[in-house]
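The values are calculated or read from the model by the stated rules, or taken from the named source; none is laboratory data. It should be emphasised that the depicted structure is a prediction, and the values quoted were computed from it without experimental measurement. Cβ: placed from backbone, ideal geometry, glycine included. Neighbour counts: every protein chain shown.
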Amino acid sequence: MVPLRGDITSASPALLLVIPIVLAGLVGGRLAAVVTAVGAALAFNFAFIPPYWTFEIHTPDDIVALAVFGFVALVVGTLVAREGERRQSAEERATELQALNDELGAVQLERQRLAEEAMRAAMLERVDEQRGALLRSVSHDLRTPLAAIRAVVSDLLSGAPYDDATRAELLTLVGDEAERRDRLVANLLNLSRIEARALRPDRQEVAIDELVADTVKRLERLLVRRRVQIEIPDLPLIQGDYTQLSQVVSNLLENAARHAPQHSTIRVGAQQRDHSVEVWVDDEGIGVAPFEAQRIFEPFRRGEGSSSSGIGLAIGKAIVEAHGGRIAAEGAPGGGARFRFSLPTTT
Amino acid sequence: MNEGELVLVVDDEPAIVRALSAALKARKHRVAVATTGAEALAEVTTGSPAVVILDLGLPDIDGIEVCRRLRRWTDTPIIVLTAEGAESRKVEALDEGADDYVTSPSRPRSCSPGYVWRSGTAAHGTRRTRLPF
C-alpha cells in the first residue's frame, strides 16, 4: 500500500480535476484526455501539493501522490475516451445501417415497380392473346357454317341422286347453318357495340313469357334433340330492349344446347322477386364449377374442348347489366348448370 | 365400296357430320359418328368401318396422331378432311398412312359429300391392292 499523506482532507477537492478529464475524453477523444490528464496532474501539483502554488515537491509521499493521481487520471481519461470512441463507431455503424436500409427500401420499391410493370405487360399480352384467340375462333365459327352450306349446295347442284327426305334434310341443314351464322354475326355486332360502349337498350314494354317463347321457337332447330320445358307464371311487364334480351335468352339456350346431352331436358323458368323479374335456364350438362362461375362470363372464355367462340355469355352479361340487371351461373337443382338473370321491373 | 358398309365420320363439327351422314346414308351406307379422336379409335376397334373420314382438327387428339395410331394395326382406308391452305398437314397425313384427302371450304366441289363418297370408293380400291389376298 502507498502510505497516504497526513493532511488528506486538503487533497480531496482535487477529485474535481477528474471532471475535465472525463469531459475531454467524451468530447475530444483519447489525445485530448491524455493532454487534460497531464494538465490535471500539473494542476494537482500546483494547487494541492505543498508548497502550494508552486510546482515543487519536497517529500516522497507527495511524489507518490502525484504519480498515483497522474496514473488514475490517465486511466480514467483513456477508458472514457475508448468508450466514447466505441459509442461513436456504433453510431456510425447505425447510420451506415440506416443508409443501407434506405437503399434496400429504394431497391424494394424499384423491384415492386418493375413487378407491376411486368404484370401490366403480361396483362396486355393476355388481352392480345385473347384477341388472337377470338379472331381464330370467330373466323372458324364464321367459316364452318359456310363450309357446310357450300358443300351441300355444290353436292345438290352436281345432281347427286338423293331422295326427297335426304334433299329436305340437306336443305334444312343449309337453313340451320345460315341461322347459326346469323346468331354469331348478331353477337359480334353486339360485341363491337359493347367495346365502343354504345350498347344502349332501346326500351319498350316486354312480356318475358312471350320473349322466351319466341326465342325458343326461333331456336327450334338448334334444340331439336333436347326437350325444352317452359314454366313462366304471369309476370309484370319489364322495360327493356326486346332484341337484346332475346339475344340473352338465345345465348343461354345455345349454351345449354351445347353442354346438355342429347335427349335431356332444358328448363326455362321465370318468377317475380321484389322489384325484379328473374329468368333462368337449367340444363342437365356437366354443370359449372364454383371457381368458374364468375370467370365464365369473361369474354373469350370457352369450356374445355368447346367449339364456341366464347363471347355469348359475355354479351349476355353486358346486355343484362346495361338493363340494370344481374346475371349469374350456378349448379342447377337437379345437377347440370343454371344460368339466371334478373331485370328490374321499375326503372 | 359396297352398299351397307359402315363409314365412320370423325368430326367435332355437327354441321359437317350432318351433311356427310345424309349424303352417305342416301347412298345406302351405314354411318357411325365420332366427335373426338378417342371415340374414333374406339369406334374403329369395335365397329370395323370400311372407311374412316377423319377431320384433322379434333378437340382432343390431333387427327394426324389418330391416323398414326390407326395405322399401327389396321389398313382401313382413311380419308382426311383438312382446311384450305393446309398443304403440309395433308402431306403429313398422307405420310402417316391416310389414303386420300378432301379440302374445305375453298373448293366446294372437292368438299362435297358426293366427292367424299367417290374418294371412299377410290380408297377402298387402294386397300384392295395393298392387301395380299
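The residue that is farthest from the other protein chains (Cβ to nearest Cβ), among those in the range B:1-14 that are closer than 19 Å to A:Thr172 by Cβ and over 13 Å from the mean Cα position of the chain (by Cα), is B:Pro14.
Looking only at the range B:20-52, residues that are over 17 Å from B:Tyr101 (Cα atoms) and either among the charged types (D, E, K, R) or facing chain A (nearest Cβ under 10 Å) (or both) come to 12 in all.
Those strands (runs of 3 or more DSSP E) of the range B:45-122 in which 2 or more residues are within 24 Å of A:Arg150 (Cα to Cα), in contact with a strand residue (DSSP E or B) (Cβ under 8 Å, 6 or more places away or on another chain) and modelled with pLDDT of 80 or more occupy B:51-55, B:78-83.
Selection within the range A:122-148: residues that are farther than 20 Å from A:Ile315 by Cβ, out of contact with any Cys (no Cβ under 8 Å at 6 or more places or on another chain) and among the aliphatic types (A, V, I, L, M). The member of this set that is nearest to the other protein chains (Cβ to nearest Cβ) is A:Ala148. Does any residue in the range B:11-39 that is basic (Lys, Arg) come within less than 6 Å, Cβ to Cβ, of a residue that is surrounded by fewer than 21 Cβ atoms within 10 Å (Cβ to Cβ) six or more places away or on a different chain, and which pairs are these? Sorted first by the residue in the range B:11-39, then by its partner, the pairs are B:Lys25/B:Val31; B:Lys28/B:Glu3; B:Arg30/B:Leu6. Identify all residues within the range B:25-37 that are assigned to a helix (DSSP H, G or I) and surrounded by fewer than 21 Cβ atoms within 10 Å (Cβ to Cβ); write none if there are none. Hit for the range B:25-37 is B:Lys25, nothing else. Scanning the range B:67-78 for any residue that is hydrophobic (A, V, I, L, M, F, W, C), more than 14 Å from chain A (Cβ to nearest Cβ), buried (at least 22 other Cβ atoms within 10 Å of the Cβ) and touching a Cys at 6+ places or on another chain (Cβ under 8 Å) turns up at least one such residue. Summed over the range B:38-59, the residues that are surrounded by fewer than 16 Cβ atoms within 10 Å (Cβ to Cβ) and within 17 Å of B:Arg89 (Cβ to Cβ) give a count of 1. Of the residues making up the range A:162-178, just one is touching a helix residue (DSSP H, G or I) at 6+ places or on another chain (Cβ under 8 Å) and touching a residue at least 40 places away in the same chain (Cβ under 8 Å), namely A:Asp176.
Against the conditions (1) within 14 Å of chain A (Cβ to nearest Cβ); (2) not in a helix (DSSP H, G or I), B:Val17 satisfies every one except (2). For the range A:149-161, the criterion of being free of Cβ contacts under 8 Å to residues at least 60 places away in the same chain, more than 11 Å from chain B (Cβ to nearest Cβ), crowded, with 17+ Cβ neighbours inside 10 Å and of a type in the set (Lys, Arg) is met by no residue. Annotation: A:Phe55 fulfils all but one of (1) modelled with pLDDT of 90 or more; (2) part of a loop (DSSP other than H, G, I, E, B); the unmet one is (1). Only one entry of A:Ser154, A:Ser137 meets the criterion of being modelled with pLDDT under 85 and among the polar types (S, T, N, Q), and that entry is A:Ser137.
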